[in-house]
Amino acid sequence: METTAGPSARAVRRIERSRARRIDLLPYVLIAPAVLLVLAVTVYPAIYALRLSVTDANLVRLAAMEYVGTNNYQKAFGDERFLVSASQTLRWVVVVAVSQMLIALPLALFLNTRFLGRAGVRASIMVPWVVPSAVVAIIWRYMVDVDHGVINDLLVRAGVLTQHVNWIGSPVSAFATVVLAQVWTGVPFYTVTVLAALQAIPGEMYEAARMDGASAWQRFRYVTLPMLIPTIALLLLLRTIWLSHSVDLIFLITGGGPGYANYTIALYSFLLTWSQLELGYPSAIAIMLAAVLLIASGFYIRIIERARDWM
Amino acid sequence: MAAGRFARALVNTVWQPIAGALIVFLALAPFAWIAIVAITPESALFTRQIEYWPSEVTIANFFRMFELSRFDLAFRNSILVACAVTALSIGVSISAAYAFARYRFPGRHALIISLLLIYMLPGIVLLVPMLVIFKTLGLVNTYTALILAQATHAVPFGVWLLTNYFAGLPKELEEAAQIDGCTRVGAMLRVALPLAVPGIIAAGLFVFIASWNDFLFAFMFTSGDEVRTLPVVLRRFIPGESGANWGPVMAGAIMTTLPVAGAFLFFQRYLIGGLSAGAVKG
């Protein structure tokens, strides 16, 4: 028996090995269209941005662009507007990300309890997420309008203000307006994600805690919160990345104004290109932003990599 | 005593729906308010005293928006661009995602990581080079420019979401199909693809909504009404200091939002799963 089975088993193994060595082309064929598209629309422009960032290119005299080395990068650190933009970017990200989380966390905890009409509440709170940023901007620009704004009207009626205020006219209230708009549209996404994480916590953990005599607060503190920390950390990281390059609402509601008080790096880069048709310097500052975000992205990817067995 | 206990029981069952209603109010009130403005006659909007419910209701603002701008063209453009971006990016994402989920091949891991990094790349970095590339190729102010620009985000997103989805489907059905004589591509098309329909709907809708809502690329790469999308047209009506056609603008804002909000509410069962499971949660 052994003499006949032995060689055939070895043969099978040999066939398997040779099959493994031959490269299977099918997966490469399947990924080719997506990879080629990404190479064309993302990788090539990204490399092109690096090239533009070391030139003095301007859209109106593109042919005459000259190599200027790292001048654009050095220039940024002596540029008052860039320095303001950098610190405002940080303020914008921290204030928005933290406020969204402070609202979303209790909201998700509440929506995780059972009550009449919960499904309706869950569905309707998602609406702000789907509203286009141009519409979000219009809504909140109107809410704070000097003449027709609801916020002015309500505050005057309540006696807090004696007359209508131009909210987007002063740096802090202009900032607050954009933060309000961004928080309104951003909370739903946070809430749904935290809610999903809450629902993934096994009920037995609460049972066990209750049997050990844990109070409601202790169950939250020692069961819910530790289970939520990974999701919260991921969300904050992801939001940090998104918020620091978001331009829409700031541009549409205040234009970064008054003056350049509320510029962010992304907005500054965008405005340089849009209004002055500059290409080199805005590329350089966008790349500096991207480089910082790349580090954050690296962390994010490492974390989700561990959570996905298929990666 | 009994009355006190009854009151407490009543409060316990009632506070949650009341809190829920309050939350819904906060989420929807700003949007509801512009809907009210949209049906308020323009004459009533010029007074400083706000009418929270208009004494007179009109739909004139909706028609007025079409007179003030080429809103008809903007609608057509938004639909065309969003459909094209969705078809293109989901089309290439399905096959790539299937390969990433079902095959192990050299370079796979590096490619997935690169796609994620590219997904995280700020759009602002691509704005400048794309402007130059599109200008050189004569693509500024064309649908092609908008579709390609929006695909930068849509393709990595689609691949990521769908890879997650395919990876969660049981492999055994495809293996059974192959044992029964189906080819590998046949098993993918006839077995895996139909099973992945909910995931494909979710990914497609996310891409459609993102494209419909996109402002930055659409604003940067268009200069004429023939290709401008709804958000870009709306932007022209956001006033700097004061003075705006608030009635028509709000009508325009409502018309811009309703298609995506409607699609979202209709398909929310698919979307919420994708939102939390595929897109962010680790």
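The values are calculated or read from the model by the stated rules, or taken from the named source; none is laboratory data. Treat the numbers as computed from the prediction; the structure is a model and nothing was measured. All Cβ positions, glycine included, derive from the backbone under ideal geometry; neighbour counts span all protein chains shown.
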Is it the case that some residue within segment A:289-305 is part of a loop (DSSP other than H, G, I, E, B) and either touching a residue at least 24 places away in the same chain (Cβ under 8 Å) or under 22 Å from B:Ile118 (Cα atoms) (or both)?
-> no
Test A:Ser283 against the stated conditions and say whether it is modelled with pLDDT of 85 or more, over 24 Å from A:Gln74 (Cβ atoms) and within 9 Å of chain B (Cβ to nearest Cβ).
-> no
Do we find that A:Ala266 is surrounded by 20 or more Cβ atoms within 10 Å (Cβ to Cβ), closer than 23 Å to A:Val136 by Cα and not aromatic (Phe, Trp, Tyr) in this structure?
-> yes
Would you please list the contacts, defined by Cβ atoms under 6 Å and residues six or more apart or on different chains, that run from a residue in segment B:188-216 that is away from chain A (no Cβ under 12 Å) to a residue that is of a type in the set (D, E, K, R) and assigned to a helix (DSSP H, G or I)?
-> B:Val191/B:Glu174
Among the residues of segment A:228-258 satisfying the criterion of being of a type in the set (Gly, Ala, Ser) and farther than 28 Å from A:Val68 by Cβ, which is surrounded by the fewest Cβ atoms within 10 Å (Cβ to Cβ)?
-> A:Ala233
Residues in segment A:247-259 that are touching a helix residue (DSSP H, G or I) at 6+ places or on another chain (Cβ under 7 Å) and in a loop (DSSP other than H, G, I, E, B): how many?
-> 5
Answer yes if at least one residue in segment A:246-253 is farther than 20 Å from A:Ser53 by Cα, in contact with a Ser or Thr (Cβ under 9 Å, 6 or more places away or on another chain) and of a type in the set (Phe, Trp, Tyr), and no otherwise.
-> no
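The rows are residues; the columns are (1) modelled with pLDDT of 90 or more; (2) outside any loop (DSSP other than H, G, I, E, B); (3) at negative phi.
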site	(1), (2), (3)
A:Thr224	no, yes, yes
A:Pro230	no, yes, yes
A:Leu238	no, yes, yes
A:Ala261	no, no, yes
A:Ser269	yes, yes, yes
Every residue from segment A:286-310 that is at pLDDT below 90 and either over 30 Å from A:Thr231 (Cβ atoms) or touching an Asp or Glu at 6+ places or on another chain (Cβ under 6 Å) (or both) | none
Collect the residues in segment A:180-190 that are more than 13 Å from the chain's Cα centre (by Cα) and within 18 Å of A:Leu235 (Cα to Cα), keeping them in residue-number order.
-> A:Trp184, A:Pro188
Residue count, segment A:123-142, condition free of Cβ contacts under 8 Å to residues at least 12 places away in the same chain and more than 22 Å from B:Thr229 (Cα to Cα), comes to 2
Selection status of A:Asp79, surrounded by 17 or more Cβ atoms within 10 Å (Cβ to Cβ), over 21 Å from A:Ala296 (Cα atoms) and not hydrophobic (A, V, I, L, M, F, W, C) = no
If you go through segment A:270-280 one residue at a time, do you hit one that is under 17 Å from A:Ala86 (Cα atoms), more than 7 Å from chain B (Cβ to nearest Cβ), within 21 Å of the chain's Cα centre (by Cα) and buried (at least 24 other Cβ atoms within 10 Å of the Cβ)?
-> no
For helices (runs of 4 or more DSSP H) lying entirely in segment B:118-182, having 3 or more residues that are over 20 Å from B:Leu216 (Cβ atoms) picks out B:143-167, B:172-179
Filtering segment B:241-278 for residues that are surrounded by fewer than 19 Cβ atoms within 10 Å (Cβ to Cβ) and at pLDDT below 60 leaves a count of 4
Would you say A:Ala104 is touching a Lys or Arg at 6+ places or on another chain (Cβ under 7 Å), within 23 Å of A:Ile229 (Cα to Cα) and buried (at least 22 other Cβ atoms within 10 Å of the Cβ)?
-> no
When segment B:101-138 is examined, which residues are found to be facing another protein chain (nearest Cβ under 7 Å) and of a type in the set (Gly, Ala, Ser)?
-> B:Ala101, B:Gly123
Can you find a residue in segment A:34-45 that is of a type in the set (Phe, Trp, Tyr) and away from chain B (no Cβ under 13 Å)?
-> no
Given (1) under 30 Å from B:Arg228 (Cβ atoms); (2) buried (at least 23 other Cβ atoms within 10 Å of the Cβ), where does B:Leu162 come up short, assuming only one miss?
-> (1)
In segment A:125-163, which residue that is surrounded by fewer than 20 Cβ atoms within 10 Å (Cβ to Cβ) and among the small types (Gly, Ala, Ser) is farthest from B:Ser78 (Cα to Cα)?
-> A:Gly159
Scan segment B:257-268 and report the pairs whose first residue is of a type in the set (S, T, N, Q) and whose second residue is assigned to a helix (DSSP H, G or I) and surrounded by fewer than 17 Cβ atoms within 10 Å (Cβ to Cβ), with Cβ atoms within less than 9 Å and a gap of 6+ or a chain change.
-> B:Gln268/A:Ala123
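Of all residues in segment B:175-208, which are touching a Cys at 6+ places or on another chain (Cβ under 8 Å) and either under 25 Å from B:Leu111 (Cβ atoms) or surrounded by fewer than 16 Cβ atoms within 10 Å (Cβ to Cβ) (or both)?
Taking segment B:175-208 and keeping what is touching a Cys at 6+ places or on another chain (Cβ under 8 Å), we get B:190-191, B:208.
Correct list: B:Arg190, B:Val191.
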